[in-house]
Amino acid sequence: MRNITAQASAAATRLAASDVAVEVRGISKLYSEVEALRAIDLDFPRGKLTTLLGPSGCGKTTLLKIIAGLIPATAGEIRVNGKVVTGPGPERAFVFQDFALMPWATVMRNVAFGLELKGMGRDERQAIAAKYIAEVGLTGFESKYPHELSGGMRQRVGLARAFAVNADVLLLDEPFSAVDEQNRRKFQEDLLSLVEKEKKTFIFVTHSIEEAVYCSDRIVILSRRPGRIAQIIEPEIDRAASPDAIRRDQSYLDTVEEIWQGLKRYVD
Amino acid sequence: MKLFGYRVPMMASLIVWCAIWELVGRSGVLFLIPPLSDVLVAAVALVQTGTWQAAAITTLNSFLVGMALAILVGVAIGVLMGRSVAADNLLGIWVNIFVSAPLSALVPVLMILFGMGETTVVVTVFLFAVWIIVLDTRAGIQGVPPSLIEMGRSYGASRFALYFRIILLSALPEILAGIRLGVIRGVKGVVIGQLLVSILGYGELFELYSRNFDMENFWALTIILFAAAMLLSGLIESLEKRVDYYAGVR
Ligand SMILES: Nc1ncnc2c1ncn2[C@@H]1O[C@H](COP(=O)(O)OP(=O)(O)OP(=O)(O)O)[C@@H](O)[C@H]1O
Ligand SMILES: [Mg+2]
């Protein structure tokens with residue numbers, strides 16, 4: 001484990017330009033009265049999974065949606081691959097907490113929907129969708145409707161849809177919070193192998209410290225509202241080990257404990 | 001329904017009421033109510049007459065034109081109200097007044113505005129049907145999960161695609177429910193409109209038969225009308241069931 005903020009704080013949040021997929025510069029957000037985020041400066045390393053962790057209501061979803069271009073920031077700017085964000089763009093894809101699947105469309109159509117909106121032809125987009133349906137382990141369910149799937153399977157559809165548009169940056173807002181515990185563990189393992197395979201930049205929001213430590217290359221801990229960066233931790237877990245070994249590993253447990261100690265003061 | 005501990009299907013109760021009608025008719029105590037069998041015979045004869053067919057076509061025509069307008073305008077206003085708070089505040093009071101107002105009272109005014117012809121009937125159908133379609137569409141649009149709209153935006157949907165591939169489809173169950181209720185009100189509208197204008201289609205026949213105390217034909221007309229209205233709403237309901245099935249997770 002490496003505790004970055006404990007070393008040199010301001011400079012440490014920035015990385016060498018070429019390795020950075022997403023730059024957050026001086027982002028603040030005011031919702032009429034509520035100050036959700038205050039002057040956030042943050043770099044997200046390319047090809048890594050960075051987790052945003054923090055107490056409820058600290059602005060994690062807000063930051064993720066600002067990066068997605070779904071809501072405007074009050075101040076500051078976001079750059080993705082060096083280009084300033086003014087709205088949603090094809091280089092970013094969002095995975096929603098409540099899955100956001102179209103209940104009237106089959107798994108195939110849902111997964112291919114991003115490509116359909118781009119105007120891609122039917123055969124081409126279905127071929128691409130089929131590949132990602134297989135990758136998330138849903139082969140055989142192509143013509144099922146969302147209500148015929150379990151929560152975990154629905155989120156796999158959401159994930160496949162995000163992969164299918166071939167975005168560089170995947171934004172995941174508590175993707176597993178509506179998935180039961182057993183499926184959640186399996187899903188985390190699958191996500192890690194997909195991170196490995198797809199070489200994309202993942203920005204991940206979760207409430208679960210264990211999930212953050214297990215999945216992340218980097219964990220950014222936000223303080224209570226207005227959200228500011230409290231701490232940045234790199235768990236440095238040996239991913240070659242088996243999932244069960246990792247969950248019993250001493251440095252894994254220590255990292256979880258350290259984060260808990262940091263977050264505890266925000267819990268009422 | 002249960003009777004003396006036995007399960008009685010719904011159709012059975014209908015048969016009981018038909019039997020009561022038949023008996024009351026045969027006893028001859030109420031000359032307004034002829035036996036049901038006579039009414040049914042009259043109905044079969046009636047639908048074969050040119051008068052009835054012409055009246056039915058006039059009526060159906062006014063009804064369909066009025067309904068089509070009500071659906072188009074009703075869905076459009078409902079979407080507007082569901083998506084824009086300003087429009088909702090501006091139009092909300094009026095829609096809520098009209099949805100429960102006794103609209104029949106307006107028909108004479110409509111006659112002054114639109115004359116004694118089919119236009120008045122079409123406008124009556126429209127006014128009877130449109131408000132409930134507006135309200136149900138509005139509710140449907142407001143019930144579209146915000147994340148579904150964000151999903152569309154984040155995957156680059158144009159405004160048009162957002163409305164026609166996501167928002168309207170997501171609100172379809174409520175919109176169909178509104179249309180079903182609108183159809184029932186529209187049937188009322190077409191009859192009341194024609195009765196008050198009274199020289200047109202079904203209304204003309206109603207007027208004619210009731211003035212001459214031709215009760216067999218009067219009831220035959222009524223039964224045909226009820227059956228048509230129930231058939232229409234049943235059709236839409238079966239469509240709704242299918243849509244509900246796909247929208248099961250909402
Ligand atoms: N549309 C909005 N209007 C007003 N206030 C809002 C809005 N969205 C969020 N907020 C407020 O901004 C703050 C941050 O919200 P946000 O949803 O980003 O938090 P979060 O960290 O994702 O919380 P959680 O962990 O509960 O998901 C909260 O206090 C919330 O009440
Ligand atoms: Mg959130």
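The values are calculated or read from the model by the stated rules, or taken from the named source; none is laboratory data. As the structure is a prediction and not an experimental result, all values here were calculated from the model. Positions of Cβ are backbone-derived with ideal geometry, glycine not excepted, and every protein chain shown enters the neighbour counts. Just the protein is used for accessible areas: all its heavy atoms, side chains included, with ligands, DNA and RNA removed. Shrake-Rupley method; radii C 1.70, N 1.55, O 1.52, S 1.80 Å.
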Carbon/sulfur fraction of accessible area - the protein assembly as shown, other protein chains in place, 1.4 Å, %: 62 percent
Alpha-carbon gyration tensor eigenvalues x 5, square-rooted, for the range B:66-114, Å: 24, 14, 9
Dipole magnitude of the range B:1-160 about its Cα centre (Cβ charges: Lys, Arg +1; Asp, Glu -1), debye to nearest 20: 380 debye
Relative contact order (%) - the range B:70-152, alpha-carbon pairs under 8 angstrom, separation at least six: 53 percent
Filter on A:Lys60/A:Lys118; A:Lys65/A:Lys264; A:Lys65/A:Lys144; A:Lys131/A:Lys186; A:Lys200/A:Lys264 - keep pairs with C-alpha separation over 22 Å: A:Lys60/A:Lys118; A:Lys65/A:Lys264; A:Lys65/A:Lys144; A:Lys200/A:Lys264
Distance between the range A:95-168 and the range B:56-114 - C-alpha centres, whole angstrom: 40 Å
Per-selection Kirkwood Rh - the range A:88-185 (Cα, Å, 1 d.p.): 13.3 Å
Sequence-distant residues sharing a close amide H with A:Ala39 (under 5 Å, placed H): A:Ser28, A:Lys29
Given charges at Cβ of Lys, Arg, Asp, Glu: the protein assembly as shown dipole, positive-most of A:Asn3, B:Ile166, A:Val111: A:Asn3
Longest to shortest principal axis, alpha-carbon extents of chain A, angstrom: 52, 43, 37
Gain on full stretching of the segment that runs from B:Ser104 to B:Arg211 - 0.36 nm per residue minus C-alpha separation: 36.4 nm
Relative contact order [Cα under 8 Å, 6+ residues apart], the range B:34-179, whole percent: 29 percent
Interface burial for B against A (accessible surface, 1.4 Å probe, total of both chains, Å², rounded to 100): 2100 Å²
R0 of 35 Å, Cβ-Cβ distance A:Glu189-A:Tyr31: FRET efficiency to nearest 0.05: 0.45
Neighbour cut-off at most 10 other Cβ (10 Å), DSSP loop, chymotrypsin sites (Phe, Trp or Tyr not before Pro), the range B:147-250: B:Phe213
C-alpha long axis of helix B:118-142 to longest principal axis of chain B, angle in °: 40 degrees
Rg/Rg_globular for chain B, with Rg_globular taken as 2.2 N^0.38 Å and Rg from C-alpha atoms: 1.23
Bins of 10 Å, starting at 0 and running to the largest distance - Cα pair percent for the range B:1-111: 11, 18, 20, 25, 19, 6, 0
Extension reserve of the B:Phe114-B:Val47 stretch, reckoned as 0.36 nm per residue once the Cα distance is removed: 21.1 nm
For A:Val20, residues with placed amide H under 5 Å, excluding near neighbours: A:Arg46
Principal axis dimensions, the protein assembly as shown - Cα atoms, whole angstrom, descending: 101, 55, 51
Cβ charges +1 (Lys, Arg) and -1 (Asp, Glu), total dipole of the range B:36-249, debye: 720 debye
Length-normalised contact order for chain A - Cα pairs under 8 Å, 6+ apart - percent: 27 percent
Cα-based equivalent ellipsoid of the range A:181-268: semi-axis lengths in Å, sorted from largest, via gyration tensor: 23, 15, 12
B:Leu231-A:Glu198 FRET efficiency (beta carbon distance; Förster radius 51 Å; 0.05 resolution): 0.40
